[in-house]
Amino acid sequence: MLRAVGQGRRRALAVALAAFAAVAQAAAPAPKEHFGFTIGDDYMLANYTQTEAYFRKVAATSDRFRLVELGRTSEGRPQLMLIASAPANLARLDEYRAISERLARARDDAAVARGLAEQGKAVVWIDGGLHANETVGAHQLIETVWQLASRDDAETRRILDDTIILLVHANPDGQELYSDWYMREPVPARRVLDKPPRLYQKYAGHDNNRDFYMAALQETRNLNLAMYTRWYPQIVYNHHQTSPKGTVIVIPPYRDPYNYNIDAMIPVGLDVTFRRRQHEISKVDRTVFSDVGVASENGK
């Protein structure tokens, strides 16, 4: 009888712990709870102060995330990266980062490299907000974080199990400036995305993406150190918004000519990867994106 009671208590404890874990996972706040609107709502933009607070809340409440401060921006804001993966992967994060670096340095023979690739996880870099006037970039980061925190379907679990996703804000100062400038109008329907009175990157403005070859800006140095001296991601997805009329975002494949000084498998890999993404997006709405290869068709 005592054994039966003890077993019953253990089962009850197991159920309670499972329930607690489920509640803890669900505790990551939805964007609407935090920002007061759903990402993508008309006439609504989040600034970086709000975004930073949201990222910190998600990292504190979800075991799928780890928060890293890459450094400070030109205006002194923390530039954040959220690392998303399955909890078991996050527990071995240093090991997987070391494998990614070792593969990038290409000092092992093919057999060893294949073995490392089998042991490791694909590292995927997704940034947003580099050009602050392309407001989808920063906001897709917020929505992607929420989807990875909240969804528990088979595909999301597979993504988290198989990859380590680096979600990186590329221009916090720009998001703060552009969103505040846009939201200054109290009547939502009157809000217009016109140019603010100063550059959205303190020193370079729209040319901040051209800084990656010399890294003169603090934000660029933060990104480059994470990308090229720490993580060596296999996929780098640098979000930009401007695309042919009638679409929201442009994605690969890109039109010829490619840079034939790089390994041919790089553009082929891009084409294969993003054709799959196109297929998935097209199931929802083919009109929201274009690839450069068919830009003239979508731009009619």
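Structural remarks
- Residue separation of Arg92 and Phe212 scaled by 0.36 nm, minus their Cα-Cα distance, works out to 40.2 nm of gained length.
- The gain in end-to-end length when the Asp153 to Val236 segment is fully stretched comes to 27.4 nm, 0.36 nm per residue minus the alpha carbon separation.
- Summary of packing: across the peptides 64-76, 127-139, 269-281, the per-residue average of other C-beta atoms within 10 Å ranks them, highest first, as 127-139, 64-76, 269-281.
- Taken as Cα centroids, region 148-165 and region 205-238 sit 26 Å apart, rounded to the nearest whole angstrom.
- Computed about its Cα centre, the charge dipole of region 108-188 is approximately 120 debye, with only Lys, Arg, Asp and Glu carrying charge at their Cβ.
- Farthest towards the positive end of the charge dipole of region 99-146, among the residues Ala110, Ile142, Ala132, is the Cα of Ala110, using unit charges on the Cβ of Lys, Arg, Asp and Glu.
- Cα→Cβ-extended label distance, 7 Å offset, between Arg190 and Ser282, nm: 4.4
- Per residue, region 129-175 exposes 30 Å² of accessible surface when a 1.4 Å probe is rolled over the protein heavy atoms with every protein chain present.
- Simple label model, 7 Å out from Cα along Cβ direction - Arg72 to Asp109, nm: 5.0
The values are calculated or read from the model by the stated rules, or taken from the named source; none is laboratory data. Computed from a predicted model, the values in this text were never measured in an experiment. Here the Cβ is made from the backbone with ideal geometry for all residues, glycine too, and neighbour counts use every protein chain on show. Quick note on the areas: whole protein, heavy atoms, side chains included, nothing else; ligands and nucleic acids left out. Shrake-Rupley method; radii C 1.70, N 1.55, O 1.52, S 1.80 Å.
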